[in-house]
Amino acid sequence: MTAIPDTARPARRIPLRGLNFAIAIFVVLYAGIAVLQPNYLEAALFMNFLRRAAPLAILACGQLYVILSGGFDLSMGAVVTLVVLAASMLIGGDPEMSWPVIGALYAMGLAVGLANGAIVAFLKVPSIIATLGTMLLVNGLALAWSGGAPRGDLPDNFRNLGRLVLRDVPLVGTLPVAVIILAVATLLMGWGLHRTAYGRRLLAVGDNPRAAELAGVPVKPTRISAFVVSALAAVTAGILIGGFSGVSVNAGRGLELQAIAACVIGGAQLLGGRGSVVGALFGALSLFALFTLLNLLGLPQALRDSLQGVILIAAVGASVLRHRRST
Amino acid sequence: MSVDTLSAGRARRGFRDLPVPLVVIALAAIIYVAAAVITGQTNQISLPGLSGLLQRTVALGLVGLGQTFAILVGSIDLSVAALISSVAVLASYLMQGDPGMIVPAILACLALALVIGAVNGGLVAYWGINPLIATLSTGLILQGVLAAGYTYWSGRVAPEFQALAYQSLFGVPLPVLLLAVLALLAWFVLAKTRFGAHLYAVGGNPDGAKLAGLRVERFVLAAHVIASLGACVAGLYLAARLQSGTPWIGRDGIYDLESIAIVVIGGTVLSGGKGGVLGTLAGVLLFASLDASFNMFGVDAFLKQVLRGAIVIAAVAVYAVRNKGHVA
């Protein structure tokens with residue numbers, strides 16, 4: 001009880017620890033890439049790496065909000081698929097339509113996030129079941145809408161969000177638009193989580209919802225908001241993915257698990273209470289660096305899944321061991 | 001906590017006092033009959049029609065039986081879908097149409113399931129890894145290996161083995177008999193043996209069970225092994241039914257989510273310690289009736305997926321909404 005005035009200090013220190021861990025992993029993995037392909041050390045190729053990793057990093061930061069609030073969001077991949085398919089169907093190749101459609105996409109994301117949150121907060125369905133359900137639902141809707149074979153093209157001004165690279169930028173040389181979006185998104189989500197009262201409430205809810213409720217935190221709205229942030233992050237990632245990989249019914253498959261893995265690598269504790277945006281960001285970059293490294297080593301694409309399973313077990317297992325030692 | 005249970009005990013009587021499995025079975029029957037009558041396909045309400053309905057329950061029912069154990073003990077198994085695919089692929093690869101290989105192939109599949117179950121149980125019980133993550137990960141590992149190696153592991157089951165899935169005994173399809181026998185066995189273990197009673201104790205209150213001298217970890221491990229064995233039998237059945245296994249039959253059947261859903265619909269509590277096999281059978285019957293009804297109404301495949309998602313959520317919500325606390 002007497003420890004309450006001190007809570008600010010450990011909260012400040014713990015993100016730092018998560019940060020060190022994930023950054024170290026990333027540096028090691030990227031060094032491995034650089035050994036195999038020395039030109040990855042050039043600024044242009046590093047920027048290109050960041051551009052391709054941007055959707056996963058944004059997804060991971062969104063997922064982090066839900067994980068910190070004590071849940072999981074497994075519907076992210078389905079939202080990405082929905083966004084890519086819906087964009088191609090709604091825009092239909094007309095550049096004029098790009099901006100209004102992007103607004104509509106965010107509205108869809110908002111709806112999915114609110115639905116997830118309401119199902120968990122009011123109907124008390126465990127988030128893993130609830131979001132698996134909405135995953136099926138959203139995927140089914142996206143496929144039914146496009147008839148399983150998406151029509152329509154994405155116009156250049158839409159695709160440029162994920163694809164365009166600005167040249168002759170001072171200091172860095174080249175700067176992909178996706179990296180700017182990544183920077184803005186992570187700064188925004190990092191600010192929301194680590195610099196606002198809302199962020200503290202979210203952590204409190206994830207740590208102990210009953211205690212948070214007794215302390216006057218509006219638990220239900222806070223949890224719903226986490227799912228909304230996650231869904232909006234998924235929309236952002238979907239727009240970027242649509243930009244550089246084009247339209248496909250598998251656009252989002254498996255991304256939700258990659259996002260969770262990234263958070264765990266970044267030191268987030270499952271079922272809430274601990275984690276940082278910097279950790280999630282570098283967790284995502286580490287995961288992506290690992291995929292790149294394995295590609296360079298010529299490992300079959302299919303084994304990615306297996307590797308992710310190993311990483312998830314290792315990351316969660318390591319954090320279990322660390323905690324066992326400290327308590 | 002005790003206040004909550006007290007007030008729940010005093011809840012009003014009526015519909016909610018009926019045993020959950022009975023309510024679910026009645027609901028399944030109403031849906032099935034109503035769909036048959038509305039679409040004019042009254043021939044579905046006949047012995048062959050009903051036997052077809054029961055046949056639909058087999059694969060999911062087998063997985064659900066195993067999943068019931070995992071959930072009862074307070075854990076969960078998300079690796080069942082990948083294990084089903086692995087078993088189906090392994091069985092058809094080992095058999096290559098040779099009836100002499102039926103028994104070795106079945107034994108190999110059971111061994112695989114034992115290993116996966118032991119790994120799951122070990123990760124959850126002894127290492128303390130969150131069961132969702134642990135089993136999701138073992139599932140991912142299996143799925144990746146399958147997808148990478150499938151081109152080398154093609155094959156098909158022996159015709160004699162395939163016949164097992166289509167034969168009947170006294171008018172009852174063999175697979176339905178298999179499900180019935182295993183369900184009876186599972187019911188006996190849970191309701192009539194000391195092991196079963198201990199499983200409930202561990203699921204209901206792990207700390208209390210530990211203080212009472214139970215080796216909690218062993219029960220969690222055993223429950224995971226049983227869950228894997230259930231998935232293994234389901235995989236063998238699907239291989240027999242489809243002649244050969246592919247790496248995606250488990251995932252495409254959404255057996256992980258649906259097995260959890262039917263267990264929960266049957267009244268087994270996700271946090272463990274309460275529920276049973278009868279509820280799971282009722283849950284699978286409800287899902288089969290819904291599926292059959294969708295087919296009678298001619299709902300297209302994508303829309304069916306949408307409805308399934310909605311039904312899973314709604315079904316779990318019916319029980320969960322009464323919870324007083326907050327859920328993860």
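The set of residues in the range A:58-116 being β-branched (Val, Ile, Thr) and touching a helix residue (DSSP H, G or I) at 6+ places or on another chain (Cβ under 6 Å) consists of A:58, A:66, A:67, A:79, A:80, A:81, A:83, A:84, A:91, A:101, A:112.
Return yes when residue B:83 is under 27 Å from residue A:129 (Cβ atoms), of a type outside the set (S, T, N, Q) and at pLDDT 90 or above and no when it is not.
yes
So that you can scan it fast, the table gives a plain yes or no per residue for (1) more than 18 Å from residue A:226 (Cα to Cα); (2) at pLDDT 85 or above; (3) among the polar types (S, T, N, Q):
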position	(1), (2), (3)
A:245	yes, no, yes
A:250	yes, no, yes
A:280	no, yes, no
A:292	yes, yes, yes
A:298	yes, no, no
A:322	yes, no, no
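The single condition among (1) modelled with pLDDT under 90; (2) hydrophobic (A, V, I, L, M, F, W, C); (3) surrounded by fewer than 23 Cβ atoms within 10 Å (Cβ to Cβ); (4) over 16 Å from the mean Cα position of the chain (by Cα) that residue B:95 does not meet is (3).
Taken over the range A:30-68, the criterion of being more than 12 Å from residue A:288 (Cα to Cα) and among the charged types (D, E, K, R) is satisfied by A:42 alone. A single member of B:209, B:191, B:183, B:201 is surrounded by fewer than 17 Cβ atoms within 10 Å (Cβ to Cβ), of a type in the set (A, V, I, L, M) and in a helix (DSSP H, G or I), and it is B:191. Any residue that is in contact with a Ser or Thr (Cβ under 8 Å, 6 or more places away or on another chain), under 26 Å from residue A:301 (Cα atoms) and within 14 Å of chain A (Cβ to nearest Cβ) - is there at least one of those in the range B:148-156? There is at least one residue in the range B:148-156 that is in contact with a Ser or Thr (Cβ under 8 Å, 6 or more places away or on another chain), under 26 Å from residue A:301 (Cα atoms) and within 14 Å of chain A (Cβ to nearest Cβ). When residue A:234 is tested against (1) surrounded by fewer than 22 Cβ atoms within 10 Å (Cβ to Cβ); (2) within 12 Å of the chain's Cα centre (by Cα), only condition (1) is not met. For the range A:203-225: of the residues being of a type in the set (Lys, Arg) and in contact with a helix residue (DSSP H, G or I) (Cβ under 6 Å, 6 or more places away or on another chain), which is nearest to residue A:63 (Cα to Cα)? Result: A:223. Please go through the range B:169-200 and give me each residue that is in contact (Cβ under 8 Å) with a residue 12 or more places away in the chain and hydroxyl-bearing (Ser, Thr, Tyr), ordered by number. Scanning the range B:169-200 gives a single hit, B:200.
Answer yes or no as to whether residue A:177 is buried (at least 17 other Cβ atoms within 10 Å of the Cβ) and within 14 Å of chain B (Cβ to nearest Cβ). Spelling it out, it is not the case that residue A:177 is buried (at least 17 other Cβ atoms within 10 Å of the Cβ) and within 14 Å of chain B (Cβ to nearest Cβ).
Does residue B:223 satisfy the condition of being within 14 Å of chain A (Cβ to nearest Cβ), assigned to a helix (DSSP H, G or I), over 20 Å from residue B:143 (Cα atoms) and touching a residue at least 40 places away in the same chain (Cβ under 8 Å)? So residue B:223 does not fit the description; no.
The residue of the range A:216-254 that is farthest from residue A:89 (Cα to Cα), among those that are within 14 Å of chain B (Cβ to nearest Cβ) and assigned to a loop (DSSP other than H, G, I, E, B), is A:217.
Select, from A:281, A:257, the only residue that is under 15 Å from the mean Cα position of the chain (by Cα), more than 9 Å from every other protein chain (Cβ to nearest Cβ) and under 20 Å from residue A:25 (Cα atoms). Testing whether each residue is under 15 Å from the mean Cα position of the chain (by Cα), more than 9 Å from every other protein chain (Cβ to nearest Cβ) and under 20 Å from residue A:25 (Cα atoms) leaves just A:281.
Listed by position, the helices (runs of 4 or more DSSP H) inside the range B:242-328 whose residues that are in contact with a Cys (Cβ under 7 Å, 6 or more places away or on another chain), away from chain A (no Cβ under 13 Å) and in contact (Cβ under 8 Å) with a residue 12 or more places away in the chain number at least 1 form an empty set.
Taking the criterion of being hydrophobic (A, V, I, L, M, F, W, C) and surrounded by 24 or more Cβ atoms within 10 Å (Cβ to Cβ), the residues of the range B:251-281 that qualify are B:260, B:261, B:262, B:263, B:264, B:265, B:277, B:281. Say whether the condition of being part of a loop (DSSP other than H, G, I, E, B), surrounded by fewer than 24 Cβ atoms within 10 Å (Cβ to Cβ) and at the interface with chain B (Cβ under 10 Å from one of its Cβ atoms) is met by at least one residue in the range A:301-310. There is at least one residue in the range A:301-310 that is part of a loop (DSSP other than H, G, I, E, B), surrounded by fewer than 24 Cβ atoms within 10 Å (Cβ to Cβ) and at the interface with chain B (Cβ under 10 Å from one of its Cβ atoms).
Yes/no per residue for (1) of a type outside the set (Val, Ile, Thr); (2) more than 23 Å from residue A:75 (Cα to Cα); (3) free of Cβ contacts under 8 Å to residues at least 60 places away in the same chain:
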residue	(1), (2), (3)
A:268	yes, no, no
A:277	no, no, no
A:286	yes, no, no
A:293	yes, yes, no
A:298	yes, yes, yes
A:306	yes, no, yes
A:317	yes, yes, yes
A:321	yes, yes, yes
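Only one entry of B:114, B:27, B:60, B:50 meets the criterion of being surrounded by fewer than 18 Cβ atoms within 10 Å (Cβ to Cβ), under 30 Å from residue A:313 (Cα atoms) and not β-branched (Val, Ile, Thr), and that entry is B:114. Condition check for residue A:206 on (1) without any contact (Cβ under 8 Å) to a residue 60 or more places away in the chain; (2) within 12 Å of another protein chain (Cβ to nearest Cβ); (3) in a helix (DSSP H, G or I); (4) not hydroxyl-bearing (Ser, Thr, Tyr): one failure, at (1).
Screening the range B:15-124 for helices (runs of 4 or more DSSP H) wholly inside it with 3 or more residues that are closer than 16 Å to residue B:221 by Cα and among the hydrophobic types (A, V, I, L, M, F, W, C) returns the ranges B:47-72, B:102-121.
Contact annotation: residue pairs with Cβ atoms under 6 Å, 6 or more positions apart or on different chains, pairing a residue in the range A:73-86 that is more than 10 Å from residue A:142 (Cβ to Cβ) with a partner that is charged (D, E, K, R) and in a helix (DSSP H, G or I), are A:74/A:256; A:76/A:256; A:77/A:256.
Of A:167, A:163, all but one fail to be free of Cβ contacts under 8 Å to residues at least 24 places away in the same chain and either in contact with a strand residue (DSSP E or B) (Cβ under 9 Å, 6 or more places away or on another chain) or among the polar types (S, T, N, Q) (or both); the exception is A:167.
Name every residue in the range A:147-169 that is outside any loop (DSSP other than H, G, I, E, B) and acidic (Asp, Glu), in order of residue number. Result: A:156, A:168. Tell me, please, whether a residue that is surrounded by 17 or more Cβ atoms within 10 Å (Cβ to Cβ), more than 14 Å from chain A (Cβ to nearest Cβ) and at negative phi can be found in the range B:127-140. No: zero hits.
The values are calculated or read from the model by the stated rules, or taken from the named source; none is laboratory data. Note that the structure is predicted; figures quoted are calculated from it, not measured. Virtual Cβ from ideal backbone geometry, glycine too; neighbours counted across all protein chains shown.
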